[in-house]
Every structure is written in C-alpha cells, then in structure tokens.
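The values are calculated or read from the model by the stated rules, or taken from the named source; none is laboratory data. Keep in mind that what you see is a predicted model, and the values were worked out from it rather than measured. Cβ placement follows ideal geometry from the backbone for every residue including glycine, while neighbour counts extend to all protein chains displayed. The area values use the complete protein model at the heavy-atom level, side chains included, leaving out ligands, DNA and RNA. Shrake-Rupley method; radii C 1.70, N 1.55, O 1.52, S 1.80 Å.
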Amino acid sequence: MGLRSFIAGRRTAALAAPEAKAAGPAFNGGALVFSGPGPGSASDWSERSYEAQARLGFMQNPVVYRCLRLVAQSVSAMPPLLYRGGRELEGHAILDLLRRPNAAMDRASFLETLCGHLLLSGSAYVEAAVLGGEVRALHLLRPDRVRIVSGADGWPLAYEYRAGRLVRRIAAEEAEDGGPSRLLHLREFHPLSDGAGFSPLGAAQGALELHNAAGRWNRALLENSARPSGALVYQPGDGSNLSADQFDRLKAELESGYSGAAAAGRPMLLEGGLDWKAMGLSPKDMDFAEARNGAARDIALAFGVPPMLLGIPGDNTYANYQEANRAFYRATALPLANRLLGTLGDWLGAFFEAPDLQLVPDLDRVEGLSAEREALWSRIGAAGFLTDDEKREAVGYGPRAL
C-alpha cells in the first residue's frame, strides 16, 4: 500500500465512522477507529493555481523554498553589462534604470522577484512606466492578477491587470503612441498553451504533494505517540453489546487520556473484551525517510538544483560540493540569467531606439565560476601566438584603451 492510497483510506474510514454511529443505539462487535488528522489532504492533491503553488510550495515546503531562492538569488547576484557592437558601454540610461528600477526595489530585489514569478507560475510580467516618451520606472505585476486576452487567431491581443476593483488593459503589441508595448511577458515553454507558461513546480507537483503529505503524516504520528492508525475492537464474551453511552464514554476517554504527544508512553488500562488492531503502516514499513528524500530529489531536479547543494542524501553524481556548484551555475543559473537579461535588453533597447544593444551578465563577478575563469586566463595567458588585444577579446574584454 502506498502513502497516497494509505492517506485516502484513512480519510474514508474517518468519514464513515459518524455514519456507523448514527445507525442505532447498539454496536455489534463495534470498532473505534483512530487515525491522524486529514483536513486539507484531499484537496491538496489537485490544486494547481498560482496561489496554491505559492502557499503549498514556496511558503510551506522547505525544499521548494530553498530551490527557488537559490536560483533567484544566484541570477540576481550577476551584475549586467551593456554592449554595443562588441564594445562595453560603461554608462547608459538602461544601466541606470536597472540599478534602481523603481522606488521600492534595487536591481537585485527586482531580478530576484522576477525569477520567483517565473519559476512559480511559469510567467512573469514587467510593466514600463513611460512619462514624456521616456521609461522612468519598471514594475513587476503579480502573475495571478494578469489575464491574457486572446485574439481570433489565438495569439495574445492584450493583457488585463486586476487589483481589487481596478482593471487595466495593456496592449500586447504596440502602445497607443506607436512605441513598443508597455508590458513585457516572459514565460517558460508550455506545450499546450500559446500564451501561458508552464512552471517547473508543475512538473514536480506529484513530488511536492507526496513530500507535504509525508510531513503531515509524520506530525500526526508524533502527536499520537508515534503509533500508526488502528481500531479498538469490542468482542464481548457473553454476547452483549456496548450501548451508545458506553461507546461515547470509551471514545472520549481514549482521545483525552491516551492521544497526543503528552500521552506518549502512558500505560493504557482497558477492561476485558477490547482488542487493538493496527490498521496503518509504521514509518519503518513505509521506508519513510527514503520516500521524503526521493520526493525532495524530484523537486530539486525540476528546478535544476543538484541535491548535494540542498543536503539531500542519495544519488549524488558529483565528486564534491564545488563541482556540483559549478554544474548548477552552468546548467541552471547562467542560462536563466542570459535569457532574462537578453530579453530585458532587447525590450528596453526599443524604447531608446537602440536595437543593437546587448545586455549580458558579468561572469567575472560570479564566484561560482571562479575556478573556470582562472583556468581560462591561464590558458590564454600562456598562448604566446596571440597578441594582447586578442587575449583580451578571448576572455571577454575589449581592446586596450589608448
């Protein structure tokens, strides 16, 4: 019996018990069924909305929380560089805008929130506040407040942003003045939607539900003296039955005197004719710890985070922590940073009528890639057949200023 069917069976038994009690005043060979708490467990398996992902995943699951924060903070820690024609621009209005996108955010918090929206919902929205033809601020819109309005061809026609009773409509293509759209929509690949994005957490939904359910089940065991669910079966020798008052009194005494963590180890004194039948699986029978670790590894896999970075035991395919950290930056953080900054650079470049601008992360400031950077510099520095300018270009720098 798996954990999922086990929880469903306990919930069915808990719902069936009151119906048996109402059937009549006497109980022939009746049973008192004791199980762990099940409120919310049935609905948790099917919730997929952004609010449910945020609450059940980021706000209640430590693995999801750490994975998302690790990716978002790694991306936001990469300073942007602006290039035009292969030459770095040290001063530009786009860099000033990203340094302080709005009054409430700096660059790091802006990019971290942007990554959080993208990883939790599969979509992220950036709105440009334009005044006098100039972009004065950048604001992030919560994905659950944005609705995509599709045209007759199925492609996004506009976006509706709802905050309370206020509803604003933003064009998906050009603005009213003929400039670029005021809203930038970043989304993850979704195979079944033309407009919405698919969250990595959606692919790990089963593992998330299993991890959360296992945590609730473990807590229920601790609150009930670490014993699995069971039934107290009444088997009278003379053929008599428990009356309704006797049934209620026995059940109340067991719940008040022998349930909960405070009753752990307390001896139970019962009269004859009562027999305890275990109905659940013990943590040892279920291989409880491995089930939770397996679910945690699946969640980390969906976010592209090596389990070694999260301290999850088992299936560590990297020789050490440093190697796992480099793999995380190369396979997850760096591709996401390149995509976010590249899209932001193209979008903002249209406002400044400079489509040739290119926004990229500064890899020299990434501590996780310091070992690779030192190895590259050593190889290039030892190449005697290259000039100084060619060496600078090979490591990402422009020609030496005269």
What about Val63, is it at pLDDT 50 or above and touching a Cys at 6+ places or on another chain (Cβ under 6 Å)? no
For residues in region 367-393 being open to solvent by 50 Å² or more (accessible area, probe 1.4 Å), of a type in the set (A, V, I, L, M, F, W, C) and not in a loop (DSSP other than H, G, I, E, B), which is farthest from Ala327 (Cα to Cα)? Trp377
Can you report the number of residues in region 84-136 which are on the phi > 0 side of the Ramachandran plot and surrounded by fewer than 22 Cβ atoms within 10 Å (Cβ to Cβ)? 4
Right, Glu160: in contact with a helix residue (DSSP H, G or I) (Cβ under 8 Å, 6 or more places away or on another chain) and either among the basic types (Lys, Arg) or under 30 Å from Pro191 (Cα atoms) (or both) or not? no
Restricting attention to region 319-363, the residues that are open to solvent by 70 Å² or more (accessible area, probe 1.4 Å) and of a type in the set (Phe, Trp, Tyr) number exactly 2
Exactly one of Ala220, Ala231, Ala196 is under 30 Å from Tyr50 (Cβ atoms), of a type in the set (Gly, Ala, Ser) and at pLDDT below 80, and that one is Ala220
Taking only pairs six or more apart or across chains, which ones have beta-carbon atoms under 9 Å, a first residue in region 359-387 that is more than 21 Å from Tyr83 (Cβ to Cβ), and a second residue that is open to solvent by 80 Å² or more (accessible area, probe 1.4 Å) and part of a loop (DSSP other than H, G, I, E, B)? none
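Across region 157-179, what is the total count of residues that are at pLDDT below 85, open to solvent by less than 70 Å² (accessible area, probe 1.4 Å) and at negative phi?
Residues in region 157-179 being at pLDDT below 85, open to solvent by less than 70 Å² (accessible area, probe 1.4 Å) and at negative phi: 2 in total.
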Tell me, which residue of region 191-204 that is touching a strand residue (DSSP E or B) at 6+ places or on another chain (Cβ under 9 Å) and over 16 Å from Leu157 (Cβ atoms) is surrounded by the most Cβ atoms within 10 Å (Cβ to Cβ)? Ser199
